[in-house]
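*Asks:* Right, I'll just put the structure down here and ask away after.
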Amino acid sequence: MSDGSAESAYYAQLARTRGAAGAVQLDGTGRVLLVRPGYKPVWDLPGGVIEAGESPLAACIREVREELGITPVLERLVGVVWFPSRPRRAASNLFVFAGRLPETARAAIEPDPGEIAEFGFFPVSALPEVEPHTERRVRSCVEGYLGGGTVYYEESAKPAWYGGSGEGPG
């Protein structure tokens, strides 16, 4: 009988990929909920990094609760985006879940002032200042949600707001 050390050694040497999860939350008129975190100058979907042992869905729910004080309505996975490694950053996968937020939840949003500078609902055709990769993600994931599909793509560029260092939260 093996003590499992060979199996442990095998798994220990495998590549690791970071993960994050984001939420597409549409209101009754089809506008999408975006947040502007205090640590970056552009808008994005609510969400964040998956913690050790946490599922992407659980991370998405936790992050939206932490950022906005509400439980998101997440009907299904609508997108997966792969980001390549960058200096000091491992490759990562972003899982995007979507649903329609009822008016009662929308009215209950209380952003964490230590994390979220602003939030708002925007028509997909008129998003506020977002990175090109965020605009592509929002548009494709909303289209996937409304069309009943799930999108996958590989992002080639790092966010411009990271600057030349390749550093940035998340």
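*Asks:* Pick out the one residue from A98, A108 that is closer than 21 Å to G30 by Cα, surrounded by fewer than 16 Cβ atoms within 10 Å (Cβ to Cβ) and of a type in the set (A, V, I, L, M, F, W, C).
*Replies:* A108
*Asks:* On the given criteria, is T134 in contact (Cβ under 8 Å) with a residue 12 or more places away in the chain, on the phi < 0 side of the Ramachandran plot and either among the small types (G, A, S) or not in a helix (DSSP H, G or I) (or both)?
*Replies:* no
*Asks:* Would you mind stating whether S8 is open to solvent by 60 Å² or more (accessible area, probe 1.4 Å), outside any loop (DSSP other than H, G, I, E, B) and modelled with pLDDT under 95?
*Replies:* yes
The rows are residues; the columns are (1) of a type in the set (K, R); (2) under 18 Å from R137 (Cα atoms); (3) free of Cβ contacts under 8 Å to residues at least 24 places away in the same chain; (4) not in a loop (DSSP other than H, G, I, E, B).
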| position | (1), (2), (3), (4) |
| --- | --- |
| G22 | no, yes, no, yes |
| Q25 | no, yes, no, yes |
| R36 | yes, yes, no, yes |
| G53 | no, no, yes, no |
| A58 | no, no, yes, yes |
| R62 | yes, no, yes, yes |
| E67 | no, no, no, yes |
| I70 | no, no, no, no |
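*Asks:* Now a separate question. Residues in segment 22-36 that are surrounded by fewer than 20 Cβ atoms within 10 Å (Cβ to Cβ) and in contact with an Asp or Glu (Cβ under 9 Å, 6 or more places away or on another chain): how many?
*Replies:* The total comes to 3.
The values are calculated or read from the model by the stated rules, or taken from the named source; none is laboratory data. Keep in mind that this is a model prediction, so the values were computed, not measured. Neighbour counts are summed over all protein chains in view; Cβ atoms, including those assigned to glycine, are modelled from backbone coordinates with ideal geometry. Remember, those area values only see protein heavy atoms, side chains included, never the ligands or the DNA or RNA. Shrake-Rupley method; radii C 1.70, N 1.55, O 1.52, S 1.80 Å.
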